[in-house]
Amino acid sequence: MIEDQWLKNDIEELSACPLCQCRKSSVLFNSLVDMMMPKSSDRWILKKCTECNVAYLSPRPNKKNINKAYINYYTHGDENGMIKKGKSSIFINYIKKVICKVKYKRDFSFKEFIIYLLVFSIYPVYLFLDAKIRHIGTFKDNKNRLLDIGCGNGGFLVFANDLGWDVMGLDVDESAVNSALSKGVNVQLGGIESLNKEDMFDMITLNHVIEHVYNPVELIQECYKHLNPGGKLWLETPNINSIGLDIYKEYWRGLEPPRHLILYNACTLSKLLSDAGFLNINQKTHGLSGVYMGLQSEKNIAGFKSYSLFFNKLFKWPRILFVEIVQLLFKRKSEFITLIAYK
Ligand SMILES: [Zn+2]
């Protein structure tokens with residue numbers, strides 16, 4: 001890649017769907033822009049598989065050069081990352097712990113119960129916080145092991161550790177691993193293949209990871225192998241059938257070419273899990289994800305001058321609220337597919 005430009009040797013064309021190997025597809029978008037590299041003249045094509053209905057990039061960066069797509073990526077360093085150390089985040093963390101104590105641990109004070117009821121009464125906020133704690137649940141004994149694949153700067157590991165879980169994280173980004181290690185949690189550089197055979201867990205989480213990987217079938221099969229019987233997999237990824245995509249089209253935040261290689265629908269993803277042996281697959285609602293994705297997508301629109309600023313501002317909040325309401329009411333149209341499955 002020279003000056004934000006992808007070269008022929010950096011990319012590969014797919015002759016079939018990377019999930020089901022079907023050769024038939026239609027073009028969903030034929031000129032997508034990497035919003036993190038606005039100066040680049042590269043355009044990406046997103047195809048939809050006729051058989052399994054996932055969307056996949058083709059051409060896409062090859063595995064050898066995919067790291068070039070992450071040069072400007074922002075979620076892993078602490079400076080610009082997800083963890084903000086302000087008073088509001090301390091407050092949100094406290095509320096999340098209260099939800100855990102009341103809903104999952106069932107060990108709480110009267111004050112905590114009142115706080116829980118108050119949050120519950122603002123239902124989308126409650127659904128948002130419950131998704132943020134990844135519906136973590138609780139197991140009978142105290143020494144439960146949790147693995148977070150693609151753990152980034154380790155924010156969730158610290159949270160789970162505080163709740164009494166024995167945690168471990170994996171990430172392919174060295175600076176993310178260093179940042180997580182500095183917080184005192186156990187993190188390794190690499191993907192699931194870097195685990196030892198005997199490394200077993202009671203819960204594995206994949207938070208916005210599966211859309212980035214080249215071989216999702218192998219990833220899910222490996223997760224199954226590393227779970228103890230009765231263990232839980234928690235997974236979240238953008239939904240290609242979402243209402244946000246209907247509204248924002250090529251500006252929808254979930255597309256994110258060329259980092260998102262495959263985008264799923266709930267049905268195909270559930271089948272992927274059940275084919276690997278998972279049982280009791282259950283889709284959860286992630287409250288406020290419509291607001292989040294709406295705001296992010298509006299930012300993408302605002303970056304393009306071909307749109308009228310006046311009409312953009314006028315329709316911004318009605319659009320965002322519409323996306324949120326639809327995604328709350330219809331799981332099929334939700335912004336994220338949030339799944340829980342058991343071994
Ligand atoms: Zn397919």
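As a summary of the residue check, Asp202 satisfies the conditions (1) in contact with a Lys or Arg (Cβ under 6 Å, 6 or more places away or on another chain); (2) part of a loop (DSSP other than H, G, I, E, B) except for the one numbered (2). Of the residues that sit in the range 19-33 and are within 15 Å of the ligand (Cβ to nearest atom) and in a strand (DSSP E or B), which one is surrounded by the fewest Cβ atoms within 10 Å (Cβ to Cβ)? So the residue we want is Ser26. Would you be able to say whether some residue in the range 248-265 is among the hydroxyl-bearing types (Ser, Thr, Tyr), in the same structural domain as Cys223 (by TED's automatic domain parsing) and over 23 Å from Pro61 (Cβ atoms)? Yes, because at least one residue in the range 248-265 is among the hydroxyl-bearing types (Ser, Thr, Tyr), in the same structural domain as Cys223 (by TED's automatic domain parsing) and over 23 Å from Pro61 (Cβ atoms). Scanning the range 150-183 for residues that are without any contact (Cβ under 8 Å) to a residue 12 or more places away in the chain and assigned to a loop (DSSP other than H, G, I, E, B) yields one hit, Ser182. For the range 16-35, a tally of residues being modelled with pLDDT of 95 or more and among the acidic types (Asp, Glu) returns 0. Restricted to the range 261-343, the set of helices (runs of 4 or more DSSP H) holding at least 3 residues that are out of contact with any Cys (no Cβ under 9 Å at 6 or more places or on another chain) and of a type in the set (S, T, N, Q) comprises 289-302. One residue alone among Leu195, Leu261 is surrounded by 21 or more Cβ atoms within 10 Å (Cβ to Cβ) and either more than 22 Å from Glu298 (Cα to Cα) or without any contact (Cβ under 8 Å) to a residue 24 or more places away in the chain (or both), and that residue is Leu261. Taking the criterion of being more than 12 Å from the ligand (Cβ to nearest atom), assigned to a loop (DSSP other than H, G, I, E, B) and in contact (Cβ under 8 Å) with a residue 40 or more places away in the chain, the residues of the range 1-18 that qualify are Met1, Trp6, Glu13. Does Ser179 meet the test of being under 20 Å from the mean Cα position of the chain (by Cα) and closer than 29 Å to Tyr214 by Cα? Yes: the conditions hold for Ser179.
The values are calculated or read from the model by the stated rules, or taken from the named source; none is laboratory data. Just so it is clear, the structure is predicted and the values come from calculations on it, not from any experiment. Note: ideal-geometry Cβ built from the backbone for every residue, glycine included; neighbour counts use all protein chains shown.
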